[in-house]
Number of protein chains: 2
Amino acid sequence: MDGDVNLAKRGRPARYTPDELLDVVVSVFISRGYDATSMDDLARATGLTKSSFYHHVSGKEELLRRVVARAVDALFAVLVEPESVDGRAVDRLEHVVRRSVDVLAAELPYVTVLLRVRGNTAAERWALNRRREFDRRLSALVRAAIDEGDVRADLDPALLTRLLFGMVNGVAEWYRPNGAHRSSAVADSLVRLAFDGLRRPG
Amino acid sequence: MDGDVNLAKRGRPARYTPDELLDVVVSVFISRGYDATSMDDLARATGLTKSSFYHHVSGKEELLRRVVARAVDALFAVLVEPESVDGRAVDRLEHVVRRSVDVLAAELPYVTVLLRVRGNTAAERWALNRRREFDRRLSALVRAAIDEGDVRADLDPALLTRLLFGMVNGVAEWYRPNGAHRSSAVADSLVRLAFDGLRRPG
DNA sequence: TCCTTTACCGAACGATCGGTCAGATAGTCT
DNA sequence: AGACTATCTGACCGATCGTTCGGTAAAGGA
(Lines give C-alpha, C1' and ligand atoms only; values in the text may rest on other atoms or scores of the structure.)
Protein backbone atom coordinates (compact mmCIF):
# COMPACT_ATOMS: atom_id res chain seq x y z
CA MET A 1 0.00 0.00 0.00
CA ASP A 2 2.71 2.49 1.00
CA GLY A 3 5.55 0.76 -0.82
CA ASP A 4 5.63 2.93 -3.92
CA VAL A 5 4.97 6.34 -2.41
CA ASN A 6 8.51 6.39 -1.10
CA LEU A 7 9.53 9.78 -2.44
CA ALA A 8 12.82 9.87 -0.56
CA LYS A 9 15.24 9.53 -3.46
CA ARG A 10 18.65 8.42 -2.40
CA GLY A 11 21.75 7.99 -4.47
CA ARG A 12 22.44 9.07 -8.01
CA PRO A 13 19.26 9.82 -9.98
CA ALA A 14 18.48 7.46 -12.88
CA ARG A 15 18.21 8.71 -16.47
CA TYR A 16 15.21 6.50 -17.17
CA THR A 17 12.19 5.23 -15.32
CA PRO A 18 11.57 1.52 -15.92
CA ASP A 19 8.74 2.37 -18.33
CA GLU A 20 10.78 4.88 -20.28
CA LEU A 21 13.52 2.32 -20.62
CA LEU A 22 11.05 -0.27 -21.87
CA ASP A 23 9.81 2.21 -24.48
CA VAL A 24 13.31 2.47 -25.89
CA VAL A 25 13.77 -1.30 -25.76
CA VAL A 26 10.55 -2.10 -27.58
CA SER A 27 11.31 0.40 -30.33
CA VAL A 28 14.61 -1.38 -31.01
CA PHE A 29 12.88 -4.77 -30.89
CA ILE A 30 10.51 -3.50 -33.57
CA SER A 31 13.11 -2.08 -35.93
CA ARG A 32 15.67 -4.89 -35.68
CA GLY A 33 13.56 -7.83 -34.53
CA TYR A 34 13.96 -9.44 -31.11
CA ASP A 35 16.47 -12.10 -32.10
CA ALA A 36 18.60 -9.73 -34.13
CA THR A 37 18.74 -7.20 -31.30
CA SER A 38 21.86 -7.46 -29.14
CA MET A 39 22.05 -6.20 -25.58
CA ASP A 40 24.64 -3.74 -26.84
CA ASP A 41 22.12 -2.42 -29.39
CA LEU A 42 19.68 -1.81 -26.55
CA ALA A 43 22.31 -0.20 -24.32
CA ARG A 44 23.49 2.16 -27.05
CA ALA A 45 19.90 3.13 -27.87
CA THR A 46 19.55 4.29 -24.27
CA GLY A 47 22.92 6.05 -24.25
CA LEU A 48 24.19 3.69 -21.58
CA THR A 49 26.97 1.17 -21.74
CA LYS A 50 26.09 -2.48 -21.79
CA SER A 51 27.17 -2.97 -18.19
CA SER A 52 25.17 0.04 -17.02
CA PHE A 53 22.18 -1.28 -18.89
CA TYR A 54 22.47 -4.56 -16.98
CA HIS A 55 22.15 -2.59 -13.76
CA HIS A 56 18.52 -1.88 -14.70
CA VAL A 57 17.43 -5.14 -16.30
CA SER A 58 18.09 -8.76 -15.49
CA GLY A 59 18.55 -9.99 -19.03
CA LYS A 60 17.24 -10.08 -22.57
CA GLU A 61 14.40 -12.53 -22.05
CA GLU A 62 13.02 -10.62 -19.06
CA LEU A 63 12.71 -7.60 -21.35
CA LEU A 64 10.72 -9.64 -23.83
CA ARG A 65 8.58 -10.92 -20.98
CA ARG A 66 7.74 -7.40 -19.84
CA VAL A 67 6.97 -6.26 -23.39
CA VAL A 68 4.60 -9.08 -24.25
CA ALA A 69 2.99 -8.98 -20.80
CA ARG A 70 2.07 -5.34 -21.32
CA ALA A 71 0.48 -6.15 -24.67
CA VAL A 72 -1.39 -9.16 -23.30
CA ASP A 73 -2.72 -7.19 -20.33
CA ALA A 74 -3.96 -4.39 -22.58
CA LEU A 75 -5.80 -6.84 -24.83
CA PHE A 76 -7.39 -8.80 -21.99
CA ALA A 77 -8.52 -5.56 -20.37
CA VAL A 78 -10.82 -5.08 -23.39
CA LEU A 79 -12.66 -8.28 -22.55
CA VAL A 80 -13.75 -7.07 -19.11
CA GLU A 81 -15.07 -3.69 -20.22
CA PRO A 82 -18.84 -3.36 -19.57
CA GLU A 83 -19.65 -3.18 -23.29
CA SER A 84 -17.79 -6.48 -23.79
CA VAL A 85 -19.86 -8.18 -21.12
CA ASP A 86 -23.40 -6.80 -21.40
CA GLY A 87 -25.82 -6.84 -24.28
CA ARG A 88 -26.30 -8.83 -27.45
CA ALA A 89 -23.31 -10.88 -28.56
CA VAL A 90 -23.09 -9.13 -31.92
CA ASP A 91 -22.79 -5.76 -30.19
CA ARG A 92 -20.22 -7.11 -27.74
CA LEU A 93 -18.30 -8.52 -30.71
CA GLU A 94 -18.33 -5.17 -32.48
CA HIS A 95 -17.09 -3.48 -29.33
CA VAL A 96 -14.26 -5.97 -28.86
CA VAL A 97 -13.20 -5.58 -32.48
CA ARG A 98 -13.24 -1.80 -32.27
CA ARG A 99 -11.40 -1.66 -28.95
CA SER A 100 -8.86 -4.24 -30.11
CA VAL A 101 -7.93 -1.89 -32.92
CA ASP A 102 -7.68 0.96 -30.42
CA VAL A 103 -5.39 -1.03 -28.13
CA LEU A 104 -3.33 -2.15 -31.08
CA ALA A 105 -2.83 1.47 -32.10
CA ALA A 106 -2.20 2.77 -28.59
CA GLU A 107 0.26 0.02 -27.70
CA LEU A 108 1.48 -0.53 -31.25
CA PRO A 109 5.11 -1.58 -30.63
CA TYR A 110 4.18 -3.81 -27.70
CA VAL A 111 1.37 -5.58 -29.55
CA THR A 112 3.54 -5.86 -32.65
CA VAL A 113 6.20 -7.72 -30.69
CA LEU A 114 3.50 -9.93 -29.18
CA LEU A 115 2.18 -10.83 -32.63
CA ARG A 116 5.66 -11.90 -33.74
CA VAL A 117 6.68 -14.27 -30.96
CA ARG A 118 7.36 -17.81 -32.15
CA GLY A 119 7.75 -19.83 -28.96
CA ASN A 120 11.49 -20.37 -28.73
CA THR A 121 11.80 -19.29 -25.10
CA ALA A 122 9.69 -19.67 -21.94
CA ALA A 123 8.49 -16.06 -22.17
CA GLU A 124 7.39 -16.58 -25.76
CA ARG A 125 5.55 -19.77 -24.96
CA TRP A 126 3.73 -18.02 -22.12
CA ALA A 127 2.73 -15.27 -24.57
CA LEU A 128 1.52 -17.82 -27.12
CA ASN A 129 -0.62 -19.51 -24.49
CA ARG A 130 -2.19 -16.20 -23.49
CA ARG A 131 -2.88 -15.42 -27.13
CA ARG A 132 -4.56 -18.78 -27.55
CA GLU A 133 -6.73 -18.08 -24.52
CA PHE A 134 -7.64 -14.70 -25.99
CA ASP A 135 -8.57 -16.35 -29.30
CA ARG A 136 -10.75 -18.85 -27.44
CA ARG A 137 -12.67 -16.02 -25.81
CA LEU A 138 -13.14 -14.32 -29.17
CA SER A 139 -14.30 -17.53 -30.76
CA ALA A 140 -16.89 -18.04 -28.03
CA LEU A 141 -18.16 -14.52 -28.68
CA VAL A 142 -18.52 -15.19 -32.39
CA ARG A 143 -20.39 -18.43 -31.70
CA ALA A 144 -22.73 -16.61 -29.33
CA ALA A 145 -23.47 -13.99 -31.99
CA ILE A 146 -24.27 -16.76 -34.46
CA ASP A 147 -26.50 -18.53 -31.93
CA GLU A 148 -28.39 -15.30 -31.29
CA GLY A 149 -29.03 -15.07 -35.03
CA ASP A 150 -27.16 -11.82 -35.68
CA VAL A 151 -24.19 -13.30 -37.53
CA ARG A 152 -24.38 -15.52 -40.58
CA ALA A 153 -24.35 -19.21 -39.78
CA ASP A 154 -23.08 -20.52 -43.10
CA LEU A 155 -19.41 -20.11 -42.20
CA ASP A 156 -17.46 -22.15 -39.67
CA PRO A 157 -17.31 -20.06 -36.44
CA ALA A 158 -13.67 -20.88 -35.72
CA LEU A 159 -12.67 -19.97 -39.26
CA LEU A 160 -14.75 -16.81 -39.10
CA THR A 161 -13.02 -15.78 -35.87
CA ARG A 162 -9.57 -16.33 -37.34
CA LEU A 163 -10.34 -14.39 -40.49
CA LEU A 164 -11.93 -11.50 -38.59
CA PHE A 165 -9.11 -11.11 -36.09
CA GLY A 166 -6.54 -11.81 -38.75
CA MET A 167 -7.79 -8.60 -40.32
CA VAL A 168 -7.58 -6.83 -36.94
CA ASN A 169 -4.05 -8.06 -36.24
CA GLY A 170 -2.99 -7.13 -39.75
CA VAL A 171 -3.48 -3.48 -38.81
CA ALA A 172 -0.23 -3.71 -36.81
CA GLU A 173 1.67 -4.28 -40.06
CA TRP A 174 1.02 -0.86 -41.51
CA TYR A 175 -0.62 1.42 -38.93
CA ARG A 176 1.55 4.37 -37.86
CA PRO A 177 0.48 6.84 -35.14
CA ASN A 178 1.26 9.84 -37.36
CA GLY A 179 -0.02 8.23 -40.54
CA ALA A 180 -2.93 9.03 -42.81
CA HIS A 181 -5.64 7.61 -40.53
CA ARG A 182 -6.31 7.94 -36.85
CA SER A 183 -7.07 4.84 -34.86
CA SER A 184 -10.81 5.45 -34.57
CA ALA A 185 -11.17 5.89 -38.33
CA VAL A 186 -9.39 2.59 -38.91
CA ALA A 187 -11.64 0.89 -36.37
CA ASP A 188 -14.76 2.36 -38.01
CA SER A 189 -13.75 1.25 -41.48
CA LEU A 190 -12.75 -2.18 -40.28
CA VAL A 191 -16.04 -2.74 -38.49
CA ARG A 192 -18.05 -1.61 -41.49
CA LEU A 193 -16.04 -3.80 -43.84
CA ALA A 194 -16.22 -6.80 -41.55
CA PHE A 195 -19.94 -6.56 -40.80
CA ASP A 196 -21.32 -5.39 -44.14
CA GLY A 197 -18.71 -6.54 -46.66
CA LEU A 198 -17.01 -4.62 -49.41
CA ARG A 199 -19.67 -5.10 -52.08
CA ARG A 200 -21.65 -2.01 -52.98
CA PRO A 201 -24.93 -2.08 -51.06
CA GLY A 202 -28.09 -2.49 -53.08
CA MET B 1 18.19 -24.90 -74.06
CA ASP B 2 20.34 -28.00 -73.58
CA GLY B 3 22.08 -26.75 -70.46
CA ASP B 4 20.07 -28.62 -67.89
CA VAL B 5 19.55 -31.89 -69.66
CA ASN B 6 23.14 -32.81 -68.86
CA LEU B 7 22.46 -36.22 -67.43
CA ALA B 8 26.13 -37.16 -67.18
CA LYS B 9 26.56 -37.25 -63.42
CA ARG B 10 30.15 -37.17 -62.34
CA GLY B 11 31.56 -37.43 -58.87
CA ARG B 12 29.90 -38.38 -55.63
CA PRO B 13 26.08 -38.12 -55.83
CA ALA B 14 24.47 -35.41 -53.70
CA ARG B 15 21.96 -36.23 -50.94
CA TYR B 16 19.77 -33.27 -51.81
CA THR B 17 18.67 -31.41 -54.91
CA PRO B 18 18.83 -27.63 -54.45
CA ASP B 19 15.05 -27.49 -54.02
CA GLU B 20 14.97 -30.29 -51.46
CA LEU B 21 17.66 -28.51 -49.51
CA LEU B 22 15.68 -25.26 -49.59
CA ASP B 23 12.62 -27.11 -48.27
CA VAL B 24 14.59 -28.18 -45.21
CA VAL B 25 16.03 -24.69 -44.79
CA VAL B 26 12.67 -22.91 -44.94
CA SER B 27 11.15 -25.30 -42.41
CA VAL B 28 13.87 -24.41 -39.93
CA PHE B 29 13.46 -20.71 -40.69
CA ILE B 30 9.79 -21.08 -39.79
CA SER B 31 10.23 -22.95 -36.55
CA ARG B 32 13.16 -20.98 -35.16
CA GLY B 33 12.86 -17.68 -37.01
CA TYR B 34 15.44 -16.50 -39.55
CA ASP B 35 17.63 -14.53 -37.14
CA ALA B 36 17.62 -17.20 -34.47
CA THR B 37 18.58 -19.89 -37.00
CA SER B 38 22.30 -20.63 -37.12
CA MET B 39 24.05 -22.18 -40.09
CA ASP B 40 24.80 -25.12 -37.84
CA ASP B 41 21.06 -25.52 -37.16
CA LEU B 42 20.47 -25.69 -40.89
CA ALA B 43 23.34 -28.10 -41.46
CA ARG B 44 22.20 -30.46 -38.73
CA ALA B 45 18.62 -30.37 -40.07
CA THR B 46 19.97 -31.70 -43.35
CA GLY B 47 22.19 -34.29 -41.68
CA LEU B 48 25.28 -32.58 -43.06
CA THR B 49 28.07 -30.87 -41.20
CA LYS B 50 28.30 -27.11 -41.41
CA SER B 51 31.24 -27.25 -43.81
CA SER B 52 29.45 -29.73 -46.08
CA PHE B 53 26.42 -27.49 -46.03
CA TYR B 54 28.56 -24.57 -47.19
CA HIS B 55 29.54 -26.62 -50.23
CA HIS B 56 25.96 -26.26 -51.47
CA VAL B 57 25.09 -22.71 -50.44
CA SER B 58 27.02 -19.48 -50.46
CA GLY B 59 25.76 -18.16 -47.12
CA LYS B 60 22.83 -17.44 -44.88
CA GLU B 61 21.52 -14.38 -46.67
CA GLU B 62 21.52 -16.08 -50.06
CA LEU B 63 19.23 -18.71 -48.55
CA LEU B 64 16.84 -16.02 -47.38
CA ARG B 65 17.02 -14.46 -50.84
CA ARG B 66 16.03 -17.72 -52.52
CA VAL B 67 13.20 -18.31 -50.03
CA VAL B 68 11.60 -14.90 -50.38
CA ALA B 69 12.14 -14.85 -54.16
CA ARG B 70 10.16 -18.06 -54.49
CA ALA B 71 7.29 -16.57 -52.49
CA VAL B 72 7.35 -13.30 -54.41
CA ASP B 73 7.38 -15.08 -57.76
CA ALA B 74 4.43 -17.26 -56.77
CA LEU B 75 2.39 -14.22 -55.71
CA PHE B 76 3.19 -12.14 -58.79
CA ALA B 77 2.30 -15.08 -61.01
CA VAL B 78 -1.28 -14.68 -59.77
CA LEU B 79 -1.45 -11.18 -61.22
CA VAL B 80 -0.77 -12.34 -64.77
CA GLU B 81 -3.33 -15.14 -64.84
CA PRO B 82 -6.05 -14.48 -67.44
CA GLU B 83 -8.78 -14.12 -64.79
CA SER B 84 -6.69 -11.42 -63.12
CA VAL B 85 -6.42 -9.44 -66.35
CA ASP B 86 -9.76 -9.80 -68.13
CA GLY B 87 -13.26 -8.89 -67.02
CA ARG B 88 -14.78 -6.58 -64.48
CA ALA B 89 -12.47 -5.31 -61.74
CA VAL B 90 -14.58 -6.80 -58.97
CA ASP B 91 -14.31 -10.24 -60.53
CA ARG B 92 -10.57 -9.82 -61.06
CA LEU B 93 -10.26 -8.78 -57.43
CA GLU B 94 -12.15 -11.81 -56.22
CA HIS B 95 -9.93 -14.05 -58.32
CA VAL B 96 -6.73 -12.46 -56.99
CA VAL B 97 -7.95 -12.82 -53.41
CA ARG B 98 -8.90 -16.45 -53.92
CA ARG B 99 -5.67 -17.35 -55.70
CA SER B 100 -3.57 -15.47 -53.14
CA VAL B 101 -5.00 -17.75 -50.47
CA ASP B 102 -4.21 -20.74 -52.68
CA VAL B 103 -0.61 -19.64 -53.18
CA LEU B 104 -0.26 -18.88 -49.51
CA ALA B 105 -1.40 -22.40 -48.67
CA ALA B 106 0.65 -24.10 -51.38
CA GLU B 107 3.84 -22.20 -50.58
CA LEU B 108 3.05 -21.72 -46.89
CA PRO B 109 6.53 -21.72 -45.36
CA TYR B 110 7.99 -19.58 -48.14
CA VAL B 111 5.23 -16.96 -47.97
CA THR B 112 5.35 -17.03 -44.17
CA VAL B 113 9.02 -16.11 -44.23
CA LEU B 114 8.28 -13.39 -46.78
CA LEU B 115 5.61 -11.90 -44.52
CA ARG B 116 8.06 -11.73 -41.63
CA VAL B 117 11.01 -9.93 -43.21
CA ARG B 118 11.83 -6.63 -41.56
CA GLY B 119 14.42 -5.03 -43.86
CA ASN B 120 17.67 -5.54 -41.99
CA THR B 121 19.59 -6.96 -44.95
CA ALA B 122 19.72 -6.29 -48.69
CA ALA B 123 17.68 -9.41 -49.43
CA GLU B 124 15.00 -8.32 -46.98
CA ARG B 125 14.84 -4.82 -48.40
CA TRP B 126 14.45 -6.26 -51.89
CA ALA B 127 11.59 -8.42 -50.62
CA LEU B 128 9.91 -5.46 -48.94
CA ASN B 129 10.11 -3.46 -52.17
CA ARG B 130 8.53 -6.30 -54.11
CA ARG B 131 5.77 -6.58 -51.51
CA ARG B 132 5.10 -2.87 -51.80
CA GLU B 133 4.84 -3.20 -55.57
CA PHE B 134 2.42 -6.09 -55.09
CA ASP B 135 0.33 -3.99 -52.70
CA ARG B 136 0.26 -1.15 -55.23
CA ARG B 137 -1.14 -3.50 -57.87
CA LEU B 138 -3.79 -4.70 -55.44
CA SER B 139 -4.73 -1.18 -54.48
CA ALA B 140 -5.15 -0.23 -58.14
CA LEU B 141 -7.44 -3.21 -58.56
CA VAL B 142 -9.58 -2.16 -55.60
CA ARG B 143 -9.82 1.38 -56.94
CA ALA B 144 -10.88 0.08 -60.34
CA ALA B 145 -13.62 -2.01 -58.73
CA ILE B 146 -14.86 1.07 -56.88
CA ASP B 147 -14.79 3.16 -60.08
CA GLU B 148 -16.80 0.50 -61.87
CA GLY B 149 -19.40 0.77 -59.11
CA ASP B 150 -19.13 -2.79 -57.82
CA VAL B 151 -17.37 -2.03 -54.54
CA ARG B 152 -18.61 0.41 -51.91
CA ALA B 153 -17.14 3.89 -52.27
CA ASP B 154 -17.58 5.06 -48.68
CA LEU B 155 -14.28 3.59 -47.48
CA ASP B 156 -10.80 4.81 -48.38
CA PRO B 157 -9.50 2.51 -51.16
CA ALA B 158 -5.99 2.28 -49.71
CA LEU B 159 -7.37 1.41 -46.29
CA LEU B 160 -9.78 -1.08 -47.81
CA THR B 161 -6.92 -2.79 -49.63
CA ARG B 162 -4.82 -3.08 -46.51
CA LEU B 163 -7.67 -4.47 -44.44
CA LEU B 164 -8.66 -6.97 -47.12
CA PHE B 165 -5.18 -8.31 -47.72
CA GLY B 166 -4.38 -8.11 -44.04
CA MET B 167 -7.09 -10.74 -43.68
CA VAL B 168 -5.57 -12.76 -46.52
CA ASN B 169 -2.05 -12.60 -45.09
CA GLY B 170 -3.35 -13.49 -41.66
CA VAL B 171 -4.21 -16.93 -43.01
CA ALA B 172 -0.48 -17.75 -42.90
CA GLU B 173 -0.57 -17.46 -39.11
CA TRP B 174 -2.79 -20.44 -38.52
CA TYR B 175 -3.31 -22.41 -41.77
CA ARG B 176 -1.79 -25.90 -41.72
CA PRO B 177 -1.83 -28.23 -44.76
CA ASN B 178 -3.22 -31.12 -42.73
CA GLY B 179 -5.53 -28.96 -40.64
CA ALA B 180 -9.29 -28.76 -40.38
CA HIS B 181 -9.85 -26.86 -43.65
CA ARG B 182 -8.48 -27.30 -47.11
CA SER B 183 -7.15 -24.28 -48.94
CA SER B 184 -10.15 -23.89 -51.26
CA ALA B 185 -12.60 -23.89 -48.34
CA VAL B 186 -10.62 -21.15 -46.63
CA ALA B 187 -10.57 -19.13 -49.83
CA ASP B 188 -14.32 -19.57 -50.28
CA SER B 189 -15.12 -18.48 -46.75
CA LEU B 190 -12.74 -15.57 -46.91
CA VAL B 191 -14.23 -14.29 -50.17
CA ARG B 192 -17.76 -14.60 -48.84
CA LEU B 193 -16.86 -12.83 -45.61
CA ALA B 194 -14.95 -10.08 -47.38
CA PHE B 195 -17.56 -9.37 -50.03
CA ASP B 196 -20.79 -9.86 -48.10
CA GLY B 197 -19.78 -9.26 -44.49
CA LEU B 198 -20.44 -11.33 -41.41
CA ARG B 199 -23.87 -9.93 -40.61
CA ARG B 200 -26.76 -12.30 -41.14
CA PRO B 201 -28.31 -11.51 -44.53
CA GLY B 202 -31.84 -10.25 -44.50
C1' DT C 1 32.49 16.36 5.86
C1' DC C 2 31.83 11.62 5.70
C1' DC C 3 28.63 7.72 4.91
C1' DT C 4 25.35 5.29 2.43
C1' DT C 5 22.95 4.39 -1.65
C1' DT C 6 22.22 4.20 -6.40
C1' DA C 7 23.88 4.79 -11.19
C1' DC C 8 27.27 4.02 -14.20
C1' DC C 9 31.51 2.15 -16.64
C1' DG C 10 35.84 -0.66 -18.68
C1' DA C 11 37.37 -5.02 -19.18
C1' DA C 12 36.82 -9.46 -19.56
C1' DC C 13 34.37 -14.26 -19.47
C1' DG C 14 32.96 -18.67 -22.07
C1' DA C 15 29.97 -19.71 -25.79
C1' DT C 16 28.43 -19.34 -30.22
C1' DC C 17 28.12 -16.85 -34.48
C1' DG C 18 28.93 -16.97 -39.93
C1' DG C 19 32.41 -18.50 -42.69
C1' DT C 20 37.02 -20.88 -44.51
C1' DC C 21 40.28 -24.46 -45.82
C1' DA C 22 43.06 -28.56 -46.71
C1' DG C 23 42.13 -32.92 -47.30
C1' DA C 24 39.47 -37.47 -47.04
C1' DT C 25 35.64 -40.10 -49.39
C1' DA C 26 32.80 -42.08 -52.92
C1' DG C 27 31.08 -42.13 -56.89
C1' DT C 28 31.46 -41.85 -62.77
C1' DC C 29 34.30 -42.04 -66.95
C1' DT C 30 37.97 -43.89 -69.98
C1' DA D 1 42.74 -49.98 -62.69
C1' DG D 2 43.48 -45.32 -62.49
C1' DA D 3 42.09 -40.54 -63.44
C1' DC D 4 38.76 -37.36 -62.49
C1' DT D 5 35.18 -34.83 -60.05
C1' DA D 6 31.76 -33.62 -56.90
C1' DT D 7 30.60 -34.44 -52.00
C1' DC D 8 31.62 -34.41 -47.51
C1' DT D 9 34.38 -33.56 -43.10
C1' DG D 10 37.12 -31.85 -38.73
C1' DA D 11 39.61 -28.22 -37.23
C1' DC D 12 39.88 -23.66 -37.03
C1' DC D 13 39.30 -18.25 -37.72
C1' DG D 14 38.00 -13.53 -35.98
C1' DA D 15 33.89 -11.37 -34.44
C1' DT D 16 30.11 -10.96 -31.64
C1' DC D 17 26.85 -12.94 -28.42
C1' DG D 18 24.67 -12.51 -23.41
C1' DT D 19 26.43 -11.89 -19.06
C1' DT D 20 29.47 -10.81 -14.96
C1' DC D 21 32.49 -8.20 -11.92
C1' DG D 22 35.45 -4.84 -9.51
C1' DG D 23 35.49 -0.40 -9.16
C1' DT D 24 34.23 4.71 -9.87
C1' DA D 25 30.96 8.84 -10.02
C1' DA D 26 27.20 11.38 -8.20
C1' DA D 27 23.52 12.21 -5.49
C1' DG D 28 20.99 12.63 -0.42
C1' DG D 29 21.23 12.01 4.71
C1' DA D 30 23.95 12.62 8.92
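The values are calculated or read from the model by the stated rules, or taken from the named source; none is laboratory data. This one's a predicted model, so the numbers in the text were calculated from it and none came from an experiment. So basically every Cβ, Gly included, is an ideal-geometry build from the backbone, and we count neighbours across all protein chains shown.
Structure data summary
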{"item": "Hits in segment B:173-186 (condition: assigned to a helix (DSSP H, G or I) and surrounded by fewer than 23 Cβ atoms within 10 Å (Cβ to Cβ))", "result": "B:GLU173, B:SER183, B:SER184, B:ALA185"}
{"item": "Top-ranked residue in segment B:170-185 [being touching a helix residue (DSSP H, G or I) at 6+ places or on another chain (Cβ under 6 Å) and of a type in the set (A, V, I, L, M, F, W, C); ranked as farthest from the other protein chains (Cβ to nearest Cβ)]", "result": "B:ALA172"}
{"item": "From A:ASP40, A:ASP35, residue being surrounded by 15 or more Cβ atoms within 10 Å (Cβ to Cβ), within 11 Å of DNA strand D (Cβ to nearest atom) and among the acidic types (Asp, Glu)", "result": "A:ASP35"}
{"item": "Filter pass, B:LYS50 being within 14 Å of chain A (Cβ to nearest Cβ), within 16 Å of DNA strand D (Cβ to nearest atom) and either within 17 Å of the chain's Cα centre (by Cα) or not aliphatic (A, V, I, L, M) (or both)", "result": "no"}
{"item": "In segment B:71-102, residue surrounded by the most Cβ atoms within 10 Å (Cβ to Cβ) [restricted to those that are touching an Asp or Glu at 6+ places or on another chain (Cβ under 7 Å) and over 30 Å from A:ARG200 (Cα atoms)]", "result": "B:ALA71"}
{"item": "Test set (1) in contact with a helix residue (DSSP H, G or I) (Cβ under 8 Å, 6 or more places away or on another chain); (2) within 12 Å of DNA strand C (Cβ to nearest atom) - B:ASP35 fails condition number", "result": "(1)"}
{"item": "Qualifying positions in segment B:32-48 - basic (Lys, Arg) and within 20 Å of A:GLY119 (Cα to Cα)", "result": "B:ARG32"}
{"item": "Sole residue being of a type in the set (Phe, Trp, Tyr) and without any contact (Cβ under 8 Å) to a residue 12 or more places away in the chain, chosen from A:TRP126, A:TRP174", "result": "A:TRP174"}
{"item": "Residue in segment A:60-80 that is more than 19 Å from A:VAL111 (Cβ to Cβ), within 13 Å of DNA strand C (Cβ to nearest atom) and free of Cβ contacts under 8 Å to residues at least 40 places away in the same chain present", "result": "yes"}
{"item": "Wholly enclosed helices (runs of 4 or more DSSP H) of segment A:39-112 bearing at least 2 residues closer than 19 Å to A:GLU20 by Cβ and at pLDDT 95 or above", "result": "A:39-46, A:50-56, A:60-79"}
{"item": "Top-ranked residue of segment A:187-202 - restricted to ones that are more than 7 Å from chain B (Cβ to nearest Cβ) and under 22 Å from B:GLU94 (Cα atoms), ranked as surrounded by the fewest Cβ atoms within 10 Å (Cβ to Cβ)", "result": "A:GLY202"}
{"item": "Count of residues meeting criterion [buried (at least 16 other Cβ atoms within 10 Å of the Cβ), away from every other protein chain (no Cβ under 14 Å) and over 14 Å from A:ARG131 (Cβ atoms)] in segment A:103-112", "result": "2"}
{"item": "Number of the condition not met by B:ALA144 [criteria: (1) surrounded by fewer than 16 Cβ atoms within 10 Å (Cβ to Cβ); (2) more than 10 Å from chain A (Cβ to nearest Cβ); (3) more than 17 Å from A:TRP174 (Cα to Cα)]", "result": "(1)"}
{"item": "Lone qualifier among B:LEU164, B:LEU159, B:LEU115, B:LEU138 - being more than 10 Å from chain A (Cβ to nearest Cβ) and either part of a helix (DSSP H, G or I) or of a type outside the set (A, V, I, L, M) (or both)", "result": "B:LEU138"}
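Yes/no matrix, rows are residues, columns are (1) out of contact with any Asp or Glu (no Cβ under 8 Å at 6 or more places or on another chain); (2) free of Cβ contacts under 8 Å to residues at least 60 places away in the same chain; (3) on the phi > 0 side of the Ramachandran plot:
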site: A:ARG12; (1), (2), (3): yes, yes, no
site: A:PRO18; (1), (2), (3): yes, yes, no
site: A:SER27; (1), (2), (3): yes, no, no
site: A:ILE30; (1), (2), (3): yes, no, no
site: A:GLY33; (1), (2), (3): no, no, yes
site: A:ALA36; (1), (2), (3): no, yes, no
site: A:ASP40; (1), (2), (3): yes, yes, no
site: A:ARG44; (1), (2), (3): yes, yes, no
site: A:THR49; (1), (2), (3): yes, yes, no
